[in-house]
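Right, one structure below, let's go through it.
The values are calculated or read from the model by the stated rules, or taken from the named source; none is laboratory data. Since we're looking at a predicted model, the values are computed, not measured. Please note: Cβ atoms are built from the backbone with ideal geometry, for glycine as well, and neighbour counts cover all protein chains shown. The area values use the complete protein model at the heavy-atom level, side chains included, leaving out ligands, DNA and RNA. Shrake-Rupley method; radii C 1.70, N 1.55, O 1.52, S 1.80 Å.
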There are 2 protein chains.
Amino acid sequence: MDAFQGPKRFEKSEDLIRSGEVDAVLIATPHYGHTTIGIDALQNGLHVLTEKPISVHKADCERLIAAQKGQTFAAMFNQRTDPHFQRIRRIVREGELGELKRMSWIVTNWFRTEAYYASGGWRATWKGEGGGVLLNQCPHNLDLLQWIVGMPSRVTAHCGFGVYHDIEVEDRVTAYFEFPNGATGVFVTTTGEAPGTDRLEIVGDRGKLVYESGRILFQRTEQSVTRVLENSPEAFASVDTWDCEIPVQGHGGQHLAIVQNFVDSILDGTELIAPAPEGIHSVELANSMLMSAWTNAPVDIPLDAKRYEALLQERIASSRFQKRAVKEAKVDMEKSFAR
Amino acid sequence: MDAFQGPKRFEKSEDLIRSGEVDAVLIATPHYGHTTIGIDALQNGLHVLTEKPISVHKADCERLIAAQKGQTFAAMFNQRTDPHFQRIRRIVREGELGELKRMSWIVTNWFRTEAYYASGGWRATWKGEGGGVLLNQCPHNLDLLQWIVGMPSRVTAHCGFGVYHDIEVEDRVTAYFEFPNGATGVFVTTTGEAPGTDRLEIVGDRGKLVYESGRILFQRTEQSVTRVLENSPEAFASVDTWDCEIPVQGHGGQHLAIVQNFVDSILDGTELIAPAPEGIHSVELANSMLMSAWTNAPVDIPLDAKRYEALLQERIASSRFQKRAVKEAKVDMEKSFAR
């Protein structure tokens with residue numbers, strides 16, 4: 001019967017990592033563990049696939065990334081496998097949209113109940129989770145954002161802490177971005193809204209792309225908007241467009257594709273879809289928004305990692321938050337996503 | 001032939017106002033004239049219909065409104081005659097959406113060329129126009145915004161001055177609102193973008209309403225979202241909705257309807273669609289956004305009218321802006337509106 005026992009179980013990550021029985025680990029613990037367990041695994045020569053966020057704050061990301069020594073090190077940014085986002089990225093990166101002028105992402109379909117937050121003592125605390133919607137739900141969106149249009153150079157954000165839920169961390173965010181080329185952006189999220197919106201809009205000098213309700217609509221202008229603006233003799237000019245719907249089938253391989261890609265990378269050297277070091281960007285964005293809200297000031301990127309860590313430690317130290325009794329919630333992951 | 005001469009012409013508003021030949025005036029001059037001519041007309045007992053904005057800044061609005069002595073005094077908020085906005089307002093005001101949680105209005109389809117700004121020496125200067133997109137194009141949107149969801153209590157805004165055009169005033173704005181009940185909002189506008197977006201989203205405790213591309217879509221939740229959030233045993237709950245499209249025909253009588261309503265009010269006492277004193281709200285919103293951008297700080301509403309006036313005067317006094325030679329632009333008003 002021993003042959004049918006299934007895999008061996010370990011109580012502690014240290015024991016698993018040092019067991020000599022595994023070549024690779026997938027880290028799916030509460031967030032702070034991604035750093036500590038990740039460093040331990042990397043330092044012991046294992047390949048690592050970590051859940052998002054790769055760490056809770058930028059300084060921890062840097063420590064974690066520094067521990068990599070040639071192994072395969074990937075992050076669970078499964079939404080990068082979605083052909084919609086791949087297509088949008090290609091349109092932006094290949095210049096079809098022209099130079100970036102403005103973007104907005106309203107992503108408020110991360111509805112979560114009190115039961116969700118009550119289901120784990122670590123959840124939605126500075127000490128246990130290190131943040132709220134920005135650290136738990138939005139790493140996907142923030143990763144895609146930087147993957148598609150690049151990082152902003154300055155962030156101003158307004159965060160509501162425990163607005164909709166009995167928690168101490170943020171459950172409502174409105175952020176304003178300034179990009180290196182002068183373009184602007186807006187990012188709006190919450191876990192307190194239903195049915196919620198998921199609408200990504202990217203505007204360039206050659207038109208506008210909107211992704212909403214599973215459809216990519218690209219209004220491509222026939223000419224550079226800047227050229228029309230500067231040279232048209234008309235006061236009230238319109239710019240001719242092609243209104244294109246870009247057909248995309250399915251939502252890609254998601255988690256399974258990331259795991260397969262991780263294995264393929266280890267075995268065959270296949271290029272990673274989501275190298276873990278790129279995970280620092282979504283953490284930096286989340287941290288910047290929180291720091292802006294805490295300090296009531298814009299935050300420049302690159303973020304001062306040490307200052308952020310100190311501000312987070314202050315919040316952990318001064319937390320007087322008492323979680324209500326942890327209750328087991330019913331979990332139906334089907335409802336975790338809008339689609 | 002004298003009977004066919006058409007109306008008498010006056011070179012100066014003072015002469016027209018004192019001619020004894022008119023009971024009412026429609027003021028459609030550059031913006032600062034709305035205040036000075038409006039006060040003169042009201043003080044001389046005439047009925048007044050003024051173009052938007054009713055004044056350039058709040059203190060002028062107060063002076064103008066104080067000059068009314070029982071006459072009919074209306075403002076050209078022609079978009080209030082659009083049955084789409086009337087319907088949306090009714091849904092919000094009658095509580096169908098539940099308590100307001102969040103709104104956003106991305107209205108970037110006010111594309112204007114350099115030729116537009118070069119077509120008048122007064123345009124897009126602090127001294128001649130008193131502002132840019134917020135004072136010229138957006139009064140309609142800002143009026144509708146406050147008409148539908150009420151005034152925010154605090155505004156934080158980022159304005160770009162002459163980003164897309166050779167002008168000294170704002171041609172790009174992103175604003176964040178906080179409402180008295182704690183709801184939040186975003187308002188994004190520019191005259192530098194094409195084809196542009198016009199999307200109004202209003203979220204309440206009973207669902208979400210989106211107005212875009214001429215369609216009103218209302219996702220009504222079957223229950224209070226707050227109640228589901230607080231009481232559901234599920235961690236990942238979804239909230240059942242009715243997805244309703246609200247059919248609306250046409251865009252109403254617009255300018256003509258406002259003029260007719262103005263006449264009906266004078267002759268028959270008909271209730272005004274857009275009483276001019278309500279025009280102070282859109283001016284206060286525009287002023288608050290500019291003041292927030294100038295001071296890099298949130299601005300509380302009610303706005304300090306005297307402080308705003310002083311800041312505007314500073315800009316007028318220190319303006320070194322030299323307009324390029326004023327050229328007559330081709331004007332095709334058909335293209336002024338997205339629809």
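Conditions tested, residue by residue: (1) modelled with pLDDT under 95; (2) hydrophobic (A, V, I, L, M, F, W, C); (3) over 23 Å from the mean Cα position of the chain (by Cα).
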residue: A:V22; (1), (2), (3): no, yes, yes
residue: A:V25; (1), (2), (3): no, yes, no
residue: A:A28; (1), (2), (3): no, yes, no
residue: A:G33; (1), (2), (3): no, no, no
residue: A:N44; (1), (2), (3): no, no, yes
residue: A:L49; (1), (2), (3): no, yes, no
residue: A:K52; (1), (2), (3): no, no, no
residue: A:K58; (1), (2), (3): no, no, no
residue: A:A75; (1), (2), (3): no, yes, no
*asked:* Can you find, within the range B:121-172, the residue that is farthest from the other protein chains (Cβ to nearest Cβ) among those that are closer than 22 Å to A:E230 by Cβ and of a type in the set (D, E, K, R)?
replied: B:E168
*asked:* I'd like the full set of residues that are open to solvent by 10 Å² or more (accessible area, probe 1.4 Å) and within 22 Å of A:F111 (Cα to Cα), limited to the range B:187-206.
replied: B:D205, B:R206
*In this structure, does A:A297 turn out to be more than 18 Å from the chain's Cα centre (by Cα), closer than 23 Å to A:T174 by Cβ and in a loop (DSSP other than H, G, I, E, B)?*
yes
*Only one residue in B:V188, B:V239 is of a type in the set (V, I, T), at the interface with chain A (Cβ under 7 Å from one of its Cβ atoms) and in contact with a Pro (Cβ under 9 Å, 6 or more places away or on another chain). Which one?*
B:V239
*Identify all residues within the range A:271-306 that are over 30 Å from A:Q79 (Cβ atoms) and of a type outside the set (S, T, N, Q); write none if there are none.*
A:A297, A:K306
*Among the residues of the range B:93-119 satisfying the criterion of being under 23 Å from B:P152 (Cα atoms) and surrounded by fewer than 20 Cβ atoms within 10 Å (Cβ to Cβ), which is nearest to the chain's Cα centre (by Cα)?*
B:R93
*Qualifying positions in the range A:121-137 - open to solvent by less than 10 Å² (accessible area, probe 1.4 Å) and either over 14 Å from A:H57 (Cα atoms) or β-branched (V, I, T) (or both)*: A:A124, A:V133, A:Q137
*Is it true that A:L267 is modelled with pLDDT of 95 or more and open to solvent by 60 Å² or more (accessible area, probe 1.4 Å)?*
yes
_Matching residues in the range B:58-109 - criterion: being touching an Asp or Glu at 6+ places or on another chain (Cβ under 8 Å) and within 14 Å of chain A (Cβ to nearest Cβ)_ = B:L97, B:G98, B:E99, B:K101, B:R102, B:M103, B:S104, B:W105, B:I106, B:V107, B:T108, B:N109
*Quick one: is A:V25 surrounded by 19 or more Cβ atoms within 10 Å (Cβ to Cβ), without any contact (Cβ under 8 Å) to a residue 40 or more places away in the chain, outside any loop (DSSP other than H, G, I, E, B) and touching a strand residue (DSSP E or B) at 6+ places or on another chain (Cβ under 7 Å)?*
yes
*Select from the range B:315-339 the residues that are exposed (fewer than 15 other Cβ atoms within 10 Å of the Cβ), more than 9 Å from chain A (Cβ to nearest Cβ) and in a helix (DSSP H, G or I) and write down the one among them that is modelled with the lowest pLDDT.*
B:S318
_Of all residues being surrounded by 22 or more Cβ atoms within 10 Å (Cβ to Cβ) and facing chain B (nearest Cβ under 10 Å) in the range A:207-220, which is nearest to A:L145 (Cα to Cα)? Just the residue, please._
A:K208
*Evaluate the following for A:A175: is it more than 28 Å from B:V107 (Cα to Cα) and within 14 Å of chain B (Cβ to nearest Cβ)?*
no
*Among the candidates A:D40, A:D15, which residue alone is more than 20 Å from the chain's Cα centre (by Cα), under 30 Å from A:H281 (Cα atoms) and of a type in the set (D, E)?*
A:D40
*Does A:E230 qualify as being within 8 Å of chain B (Cβ to nearest Cβ), open to solvent by 40 Å² or more (accessible area, probe 1.4 Å) and without any contact (Cβ under 8 Å) to a residue 24 or more places away in the chain?*
yes
_Condition met for B:T197 (more than 7 Å from chain A (Cβ to nearest Cβ), under 30 Å from B:G130 (Cβ atoms), of a type in the set (S, T, Y) and in contact (Cβ under 8 Å) with a residue 24 or more places away in the chain)_ = no
*asked:* Checking A:K52 against (1) touching a strand residue (DSSP E or B) at 6+ places or on another chain (Cβ under 7 Å); (2) in a helix (DSSP H, G or I); (3) open to solvent by 10 Å² or more (accessible area, probe 1.4 Å), only one condition comes out false. Which one?
replied: (2)
_Every residue from the range A:142-158 that is surrounded by fewer than 21 Cβ atoms within 10 Å (Cβ to Cβ) and under 15 Å from the mean Cα position of the chain (by Cα)_ = A:Q146, A:G150, A:M151
*asked:* Out of the residues in the range B:176-194 meeting the condition of being part of a strand (DSSP E or B) and among the hydroxyl-bearing types (S, T, Y), tell me which one is farthest from A:H158 (Cα to Cα).
replied: B:T190
*Evaluate the range A:304-314: report whether one residue or more is out of contact with any helix residue (DSSP H, G or I) (no Cβ under 8 Å at 6 or more places or on another chain) and either at pLDDT below 80 or within 14 Å of chain B (Cβ to nearest Cβ) (or both).*
no
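On the basis of being out of contact with any helix residue (DSSP H, G or I) (no Cβ under 9 Å at 6 or more places or on another chain) and aliphatic (A, V, I, L, M), does B:A74 make the cut?
No; evaluated as a whole, the condition is false for this residue.
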